[in-house]
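Beneath this line is the structure, given in structure tokens, with notes to follow.
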Amino acid sequence: MSNPVANSGTVLVTGATGTTGSRVLRLLLDAGVAARGATRSPGSNPDLVKFDWSDPTTYAAASKGCSALYLVAPVAEPAALDLVKAFTSVAKANGVKRVVVLSSSSLPTDDESIRHPLIEIARYVRSEFEQVAILRPSWFMSNMIGSTPLARAIRDRAVVVSATGEAKVAFIDPNDIAEVAVKMLQEDTEAFPAGDHVLTGPSTHSFREMASLISREVGHQVSHLALDIDEFASFLVESGVPAIPARELAALDRVVAAGAEDRVTGTVERILGRPAHRLEQYIRSHTDELQDPGGAGPDREAARDALSTMAWFIDRGQWQDLEALFTPEVSLDYSRARGTSSIISRTELVQNWRERLDPLEASQHVLGGIRASVIGDVAQVSANVLAYLLARPTEGGTGELTKNGGQWEVELVVREGGWKIQSMTASLSWAEGRQDVLEG
């Protein structure tokens, strides 16, 4: 008799706010499958659970009662493989038997000399779990929209920028990836398609052809700007990508230019029973986002500005304006700043700050080293913070000055056309003077 995994436990979806993870979670829930999304800031959403790769204490609760896992590895972390090992050992002990791993078509799996984290993670997971499928999708069609450097260049400059020359790619719709993952996560044990799966669209296109297809749909000329690898890396840096990731991304265009992605597989149709979505279909359904900067949400600079604006409002006591910067519920972690962790309303958060800071003569928060990254409608922003807190002077005396150094880390999401802070972590590195004003 068949043994549907969907009936034997919950499906855990990591990367639940990302491009594919958010789609996988939605499709599972829409199908009535028991599923939960793993995220650092779940808020009050009952479909989400708190999970942080850097916090092993979140592993057990996130994976409890789960039989299957959609794994989006933290490849941006220096010790990605170690983090995956630590988490999956807990997930395995909690009953996870099936893992669907998101990887990349640009990384061969048969070359033992390659040490890329995605390859090493795939090998490790295969060795540890009973049922493992590795999804290796081609270039995402969704890179044309949102806050990516490619999307902003299309909207703001009417150019498609690449270092791929005339080489072709079988671009794939992330919705197709998600549907394939969901089918695998629910498939009967006997029919589970274990192994390596290269996912592509039904036809190949050059980036110049992509520009032509966009031009046809948006009603104005969009050109292809062909750069060499170094020029493309510089373009990415100018677009806000840090230097090292920019070089790594530019190197992927070299892979395309060499013809490695000029292929079409029938994997999507074989698994889903329908053809993969075509590039022109995707462009036609996202015309507004390809030509309207307001339709794709704020960019990276706007996310950076949100943190600076928060400090500005705090120091000037603009409490109503400050409250408007947050989502209705905010996840706070002050455990590394002499406080606690909690999920509270933005009104309560701002009121707490006001009660502590209004009695002071003045406060000044100086931010430095602000770093921001944007993936779709989610932004991560961090900054070093130097805080000066001046108590009101006593009669005939001077106010006492407190100085603190630390970090702020916030996660923002797009709501009502702008960035809103949905979680905040504060860390205290050093302190001078009275600290009771910060307690709690």
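Miscellaneous remarks
- Take the conditions (1) in a helix (DSSP H, G or I); (2) modelled with pLDDT of 90 or more; (3) under 30 Å from LEU199 (Cβ atoms); HIS224 misses just one of them, which is (1).
- Residue within the stretch 311-327 that is in contact with a Ser or Thr (Cβ under 6 Å, 6 or more places away or on another chain) and in a strand (DSSP E or B) present: no
- Within the stretch 35-49, the set of residues being open to solvent by 50 Å² or more (accessible area, probe 1.4 Å) and modelled with pLDDT of 95 or more comprises ARG36 only.
- When the stretch 222-231 is filtered for residues that are open to solvent by 20 Å² or more (accessible area, probe 1.4 Å) and over 13 Å from GLU166 (Cβ atoms), the ones remaining, listed by number, are SER223, LEU225, LEU227, ASP228, ILE229, ASP230, GLU231.
- Close pairs (8 angstrom Cβ cut-off, 6 or more residues apart or separate chains): surrounded by fewer than 19 Cβ atoms within 10 Å (Cβ to Cβ) in the stretch 303-316, β-branched (Val, Ile, Thr) anywhere: SER308/ILE370
- Test for ILE177: is it surrounded by 19 or more Cβ atoms within 10 Å (Cβ to Cβ) and without any contact (Cβ under 8 Å) to a residue 40 or more places away in the chain: no
A quick yes/no check of all residues on (1) surrounded by fewer than 17 Cβ atoms within 10 Å (Cβ to Cβ); (2) touching a Lys or Arg at 6+ places or on another chain (Cβ under 7 Å); (3) not in a helix (DSSP H, G or I):
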site	(1), (2), (3)
VAL125	no, no, no
ALA151	no, no, no
VAL161	no, no, yes
GLU209	no, no, no
HIS220	yes, no, yes
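- Looking at the stretch 16-85, none of the strands (runs of 3 or more DSSP E) lying wholly inside it contains 3 or more residues that are closer than 26 Å to GLU248 by Cα and among the β-branched types (Val, Ile, Thr).
- Residue that is surrounded by the fewest Cβ atoms within 10 Å (Cβ to Cβ) [pool: residues in the stretch 413-426 that are at pLDDT below 90 and of a type outside the set (Lys, Arg)]: GLU416
- Test: SER54 is more than 20 Å from VAL125 (Cα to Cα), modelled with pLDDT under 95 and open to solvent by 40 Å² or more (accessible area, probe 1.4 Å): no
- Some residue of the stretch 372-384 being surrounded by 14 or more Cβ atoms within 10 Å (Cβ to Cβ), touching a helix residue (DSSP H, G or I) at 6+ places or on another chain (Cβ under 9 Å) and over 27 Å from THR148 (Cα atoms): no
The values are calculated or read from the model by the stated rules, or taken from the named source; none is laboratory data. These numbers were taken from a predicted model, which means no experiment stands behind them. Cβ atoms come from the backbone with ideal geometry, glycine included; neighbour counts cover every protein chain shown. Side chains included, ligands, DNA and RNA excluded: accessible areas come from the protein's heavy atoms. Shrake-Rupley method; radii C 1.70, N 1.55, O 1.52, S 1.80 Å.
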